[in-house]
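Everything below concerns the one structure shown next.
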């Protein structure tokens, strides 16, 4: 299923986020009014549109409230992002809204306005620096593999309807896995949205809808995905 | 012959390690402001002085018993030892002799013992007449029996307290910095008092019907009046006398306020320097800390995390507003430009700092600070923030170990959140140690139980740990599959069961905090026993 994403504001942040997303499974639309930025976006072959985000009609015209699944509020001002979040939330209750914040106080306002996820670049940067000081080796591995160019990823796999894994034990999954993967943990649907790590935890039964989080090369991940969907 | 013996003895002292060590010990005990011992000694001396003064006050109305006498002897002994030791530490006599001897030898002239002796005595005399040495001496002398009359001088022991705290030095520094103003004021006041004394004496002497008997009374009255204290024991009776009084009181108000304003202004000027001194002295107590350059949003975030972690750090920022924020949060902060060599040296880049974070909002400043730091300390870890893509390479060139771009990683995280929210939260919670499960590294130290062990012998399942991989720069492992270049090492993901661990390999482990810690302890122990 292709997800439709509307990205408000074209800048470093949106460029990195878009490039990171799988282009095949995401339909991305950039909303920008600055002609020079539109030109830059078009050079990268992104779809762009110039609308006024302050008008509900314009928002609806690009598909918010209909087929847009996610919006990125990456406008330069916190107040603009709050306004956009508020308008979009009013149009669509189920929209997944991700917003960037500049100043720390704006985060609460964005949450109150209805954003699902707040991205605070400075906070993230600060945490990153902290991680680099405290655990340099692990941070480097994650940077170079999961976020980097190397083909090593953390992936989540949802157990589909009729999977062979349904009604088996987590311990069996770990012992019988053929692929070159490390299983981090499992989110059991019944137990809420909490990740249970596999190492030394209580053995539980898997069910349809549970999510397995694994680390490994993409071919192994794909093979594992195929196997889980196997009846 | 005698001179030669002395020179020989000086060389002997110079070579003698025991002598140097002893002298260093007493230097640390008495004079070295950075030594821990000195602060203990100062505390001990303060107690001693207070106790001895307590006995002095007590003896005014009571008679002391033997214990108090013994205590007094002990105090005197300590005071005398301290006085002599400080005199000994003040200059290195043997070094003066050696210097003079070598100079004479080089110039091919006769070594003059007399001249050298003069120099030595000159040095020691300078000690004897230094302010604190006089105070020390005055605190001792009254205990000498023939000088018992001077017992009141024991009050000088209280002055000794100043030696053990910095406040007197600060106060005298402040006064010295305003020398010119204070002298002007003193001269003006001298004239004023002189004129007023003469005037009041002329108006208020006995024959004129006043209370002033002589010039000393007049002087006393002037001082009491000019300071606006006005006891009222001597009051003017004549019209002329009252006029003098009114004039003197009004001028006195001016003089007083002038004096106060000079002192206040001087303290204000010195305050910044004083605060900075306090910052540096606090910094010198830290064993290992991190220098954060730039206290913007990123710097604040890192500082909060370090604080939660108990990690010591110091902030350097050019912007006064940011420094104010830092001070309000009670962080150590220096208001200066981190691109300055001297600022970084003062902040301890070569002393206790383990890492430098360049987190200012300007890439130019970050490159400059990185370059300066790398130049000053080739070993230190430098992590720098880059706001523009182009700056990343420049920062690496300048010597940064790691470069972080806030918007880039924020973009990556936003994408990760969209694609795989669960995986995203997993990484976050592991990195931030929000759950009990953490990711950590174990180093294979030489001779430990891990060395030359195969993965299947590690018994990870029983230890309730998950092995993610091994970081190593060892070429032996190259034949194994799934290796990824990470910096100048390789990360071997999910190594096979026959993977043999080598010295200095790093295991990347996922598990509960305490099972990792337990394993870590076992490894450490095993490497010690063998």
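Only the coordinates and a few stated rules stand behind these numbers; no lab work does. A quick note: this is a predicted structure, and the numbers were derived from the prediction, not measured. Note: ideal-geometry Cβ built from the backbone for every residue, glycine included; neighbour counts use all protein chains shown.
Can you work out D for segment A:153-229 in µm² s⁻¹ from Stokes-Einstein, where Rh is the Kirkwood radius over C-alpha pairs, the temperature is 4 °C and the viscosity is 1.567 mPa s?
105 µm²/s
Modelled label-to-label distance, residue A:42 and residue B:379, 7 Å Cα→beta-carbon offset: nm?
Simple spin-label model gives 5.8 nm for this pair.
Consider a paramagnetic label point 7 Å from the Cα of residue A:54 along Cα→Cβ; state which residues of segment A:82-97 have an amide N under 13 Å from it.
A:83-84
Determine the shielding of peptide B:463-471 by partner chains: average, over its residues, the number of Cβ atoms on other chains within 10 angstrom of each Cβ.
Working: counts 2, 5, 2, 10, 2, 6, 5, 0, 4.
Other-chain Cβ atoms within 10 Å of each residue's Cβ, averaged: 4.
What full-extension length gain, to one decimal in nm, is calculated for residue B:17 and residue B:330 as 0.36 nm per residue of separation minus the Cα-Cα distance? Mind dumping the intermediate values first?
On the way: separation 313, 0.36 × 313 = 112.68 nm, distance 4.45 nm.
Contour length minus the Cα-Cα distance gives 108.2 nm.
Starting from the Cα-Cα distance between residue B:256 and residue B:141, subtract it from 0.36 nm times their residue separation and give me the gain in nm to one decimal. Can you show the working numbers first?
Working: separation 115, 0.36 × 115 = 41.40 nm, distance 3.77 nm.
Extending this stretch completely gives an extra 37.6 nm.
Roughly speaking, what % of Cα-Cα pairs in segment A:3-124 are separated by over 17 Å, rounded to a whole number?
On the way: 3822 of 7381 pairs.
Beyond 17 Å sits 52 percent of the P(r) for segment A:3-124.
Using Cβ contacts closer than 10 Å as the measure, can you line up B:331, B:132 from fewest to most? Please report the intermediate quantities before stating the final value.
Details: B:331 21, B:132 15.
Ascending number of Cβ neighbours within 10 Å: B:132, B:331.
Counting each DSSP H run of 4 or more residues in the protein assembly as shown as -39500 (n - 2.57), what helix-only mean residue ellipticity at 222 nm follows after dividing by all residues, to the nearest 500 deg cm²/dmol? Show your work: numbers first, answer last.
Numbers: 29 runs with 399 residues, N = 761.
Mean residue ellipticity at 222 nm (helix-derived): -17000 deg cm²/dmol.
Which distance in nm do the two modelled labels at residue B:112 and residue B:8 give, with both placed 7 Å along the Cα-to-Cβ direction?
For residue B:112 paired with residue B:8, the spin-label model returns 2.5 nm.
Determine by what factor the alpha-carbon radius of gyration of chain B differs from 2.2 N^0.38 Å, reporting the quotient. Mind showing how you got there, number by number?
Working: Rg = 35.7 Å, N = 530, 2.2 N^0.38 = 23.9 Å.
So the Cα radius of gyration is 1.50 times the expected 2.2 N^0.38 Å.
Using a Förster distance of 22 Å, how high is the FRET efficiency between residue B:220 and residue B:185, based on the Cβ-Cβ distance and rounded to 0.05? Can you show the working numbers first?
On the way: r = 21 Å, r/R0 = 0.94.
Step by step, r from the Cβ atoms, then E = 0.60.
Hey, got the Cα dimensions of segment B:286-404 along the principal axes, in Å, largest first?
Cα spread of segment B:286-404 along its principal axes, largest to smallest: 35, 28, 26 Å.
Can you figure out the FRET efficiency of residue B:457 with residue A:27, using R₀ = 51 Å and their beta-carbon distance, to the nearest 0.05? Working shown, then result.
Numbers: r = 51 Å, r/R0 = 1.01.
In this case the efficiency is close to 0.50.
Give, as ranges by residue number, the residues of segment B:380-399 whose backbone N falls under 15 Å from the point 7 Å along Cα→Cβ of residue B:364.
From segment B:380-399, the list is B:387-388, B:391.
How big is the convex hull of the Cα atoms of the protein assembly as shown, per residue, in Å³?
Details: hull volume 252.9 nm³, N = 761.
Output value, Cα hull per residue: 332 Å³.
Kindly provide the Kirkwood hydrodynamic radius of segment B:2-165 in Å, to one decimal, from all pairs of distinct alpha carbon atoms.
Working: mean 1/r = 0.0547 Å⁻¹.
Across segment B:2-165, the inverse of the average 1/r is 18.3 Å.
Rank these for me by crowding, A:52, B:337, going from fewest to most other beta carbons within 10 Å.
On the way: A:52 10, B:337 16.
Going from sparsest to densest Cβ surroundings: A:52, B:337.
Enter the Cα centre distance for the pair segment B:323-397 and segment B:163-229, rounded to the nearest angstrom.
54 Å
Quick check: convex hull of the Cα atoms in segment B:340-425, volume per residue, rounded to a whole Å³?
On the way: hull volume 8.9 nm³, N = 86.
Spread over its residues, the Cα hull of segment B:340-425 gives 104 Å³ apiece.
Starting from the eigenvalues of the Cα gyration tensor, five times each then square-rooted, give me the equivalent ellipsoid semi-axes of segment B:1-70, largest first, whole Å. Write out the running numbers ahead of the final one.
On the way: eigenvalues 333, 75, 14 Å².
With the √(5λ) rule applied to segment B:1-70, the semi-axes are 41, 19, 8 Å.
For peptide A:210-217, how many partner chain Cβ atoms fall within 10 Å of a residue's Cβ, on average? Walk me through the numbers before you get to the answer.
On the way: counts 0, 5, 1, 7, 1, 9, 3, 5.
Average per residue, whole number: 4.
Just to be sure I understand the model, the point goes 7 Å from the Cα along the line to the Cβ. What's the resulting residue A:168 to residue B:198 distance in nm?
Label-label distance for residue A:168 and residue B:198, simple model: 11.5 nm.
What is the percent of Cα-Cα separations in segment B:411-529 that go past 18 Å?
Numbers: 3945 of 7021 pairs.
For segment B:411-529, the share of Cα pairs beyond 18 Å comes to 56 percent.
Round to the nearest 10 and give me the degree value, 0 to 90, for the angle of helix B:36-58's Cα axis relative to the longest principal axis of chain B.
With both axes taken from Cα atoms, the answer is about 30 degrees.
Kirkwood-based Rg over Rh for segment B:179-270 (C-alpha set), two decimals?
On the way: Rg = 14.8 Å, Rh = 13.8 Å.
On the Cα set of segment B:179-270, Rg over Rh gives 1.07.
How big is the Rg/Rh ratio for segment A:92-231, C-alpha atoms only, Rh by Kirkwood, two decimals? Present the calculation step by step, with values, prior to reporting the outcome.
Working: Rg = 18.3 Å, Rh = 17.6 Å.
A ratio of 1.04.
Work out the mean other chain Cβ neighbour count within 10 Å for the residues of B:293-303 and drop it here as an integer. Could you put the intermediate results ahead of the total?
Values: counts 0, 0, 0, 2, 9, 9, 4, 4, 11, 10, 2.
For this peptide, the per-residue mean of nearby foreign Cβ atoms is 5.
Roughly what angle does helix B:167-177 make with the longest principal axis of chain B, taking Cα atoms, 0 to 90 degrees, to the nearest 10?
Helix B:167-177 sits at roughly 70 degrees to that axis.
Which whole-number percent is the relative contact order of chain B (Cα, under 8 Å, 6+ apart)?
Details: 625 pairs, mean separation 36.6, N = 530.
Relative contact order, chain B: 7 percent.
With a ≥ b ≥ c taken as the square roots of the eigenvalues of the C-alpha gyration tensor of segment B:99-235, please select rounded if a/c is under 1.5 and otherwise prolate if a/b is larger than b/c or oblate if it is not? Don't jump to the answer; show the numbers that get you there.
Numbers: a/c = 2.73, a/b = 2.21, b/c = 1.24.
Verdict is prolate for segment B:99-235.
Can you tell me, using C-alpha contacts under 8 Å and at least 6 residues apart, the relative contact order of segment A:31-170 as a whole percent? Display every interim value, and only then the final one.
Working: 137 pairs, mean separation 18.8, N = 140.
This gives 13 percent for segment A:31-170.
So if R0 is 35 Å, what FRET efficiency would residue B:103 and residue B:44 give, r being the distance between their Cβ atoms, rounded to the nearest 0.05? Display every interim value, and only then the final one.
Values: r = 42 Å, r/R0 = 1.19.
Plugging the Cβ-Cβ distance into 1/(1 + (r/R0)^6) gives 0.25.
Averaging sequence separations of C-alpha pairs under 8 Å and six or more residues apart, then dividing by the length of segment B:436-529, give the relative contact order as a whole percent. Walk me through the numbers before you get to the answer.
Working: 173 pairs, mean separation 44.3, N = 94.
Relative CO of segment B:436-529 lands at 47 percent.
Sort B:194, B:499 by Cβ crowding within 10 Å, fewest neighbours at the top.
Numbers: B:194 13, B:499 21.
By the 10 Å Cβ count, ascending, the order reads B:194, B:499.
Using only the Cα atoms of segment B:253-306, build the gyration tensor, take square roots of its eigenvalues as a ≥ b ≥ c, and label the shape rounded, prolate or oblate: rounded if a/c is under 1.5, else prolate if a/b is larger than b/c, else oblate. Provide the component values of the computation, followed by the final result.
On the way: a/c = 5.62, a/b = 2.61, b/c = 2.16.
Cα axes put segment B:253-306 in the prolate bin.
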